[in-house]
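This report concerns only the one structure given below.
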Amino acid sequence: MSHDAPDLDQLLEAVTEFLRDRLAPDVPEQHRFHLRVAVNVLEIVRREAALGPGQERAHRDRLAALGVADDAELARRLRAGELDPAAVRAAVYESVVDKLRVANPRYLEES
C-alpha cells in the first residue's frame with residue numbers, strides 16, 4: 001500500500017541525515033560508535049526497501065534457470081552433483097553481489 005508523502009525512503013533519509021549531520025557532532029564520544037551503527041542500520045534498511053523486491057525476483061529467476069525451486073533444493077542438488085558448477089557459481093555470485101548492494105555497496109567499489 002502506498003501512503004502520502006513523505007514516503008518510506010524520505011522518512012528514513014530524514015532520520016539518517018538528522019542523526020549523522022545534526023546530532024552526531026554533539027554526541028559524547030562514548031556514544032558515537034552506537035550512533036554510527038544506528039545510521040548504518042538505517043542506510044541498510046533504505047537500500048533493502050529500495051532494492052529488495054527486485055533482488056528477490058532476480059534470485060527466484062536465477063534459481064528457476066538452474067531448475068530448482070529454492071535455496072534448499074539448490075544446496076541438495078549441488079551436493080548431489082546434479083548441477084553445473086559453473087552455472088551455480090555464476091548464480092551465487094550474482095546473489096552475493098545483490099546482498100552487498102544492500103549490506104555495504106562500498107565493498108563493490110573496492111573490487
Worksheet item: Between residues in the range 92-111 that are closer than 19 Å to Ala64 by Cα and residues that are surrounded by 15 or more Cβ atoms within 10 Å (Cβ to Cβ), which pairs lie under 6 Å by C-beta distance while being six or more apart or on different chains?
Response: Ser95/His59; Asp98/Gln55
Worksheet item: Got a sec? Which of Ala91, Ala87, Ala49, Ala38 is under 10 Å from the mean Cα position of the chain (by Cα) and either at pLDDT 95 or above or at negative phi (or both)?
Response: Ala49
Item to complete: Determine whether Arg60 is basic (Lys, Arg) and free of Cβ contacts under 8 Å to residues at least 12 places away in the same chain.
Response: yes
Item to complete: Return a yes/no flag: does the range 64-71 have any residue that is of a type outside the set (A, V, I, L, M), in contact (Cβ under 8 Å) with a residue 24 or more places away in the chain and closer than 27 Å to Asn104 by Cα.
Response: no
Practice prompt. Answer yes if at least one residue in the range 26-47 is in contact (Cβ under 8 Å) with a residue 24 or more places away in the chain and more than 18 Å from Leu12 (Cβ to Cβ), and no otherwise.
Written response: no
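The values are calculated or read from the model by the stated rules, or taken from the named source; none is laboratory data. Source: prediction; values computed, not measured. Ideal geometry is used to build each Cβ from the backbone, glycine not excepted, and the neighbour counts take in all protein chains shown.
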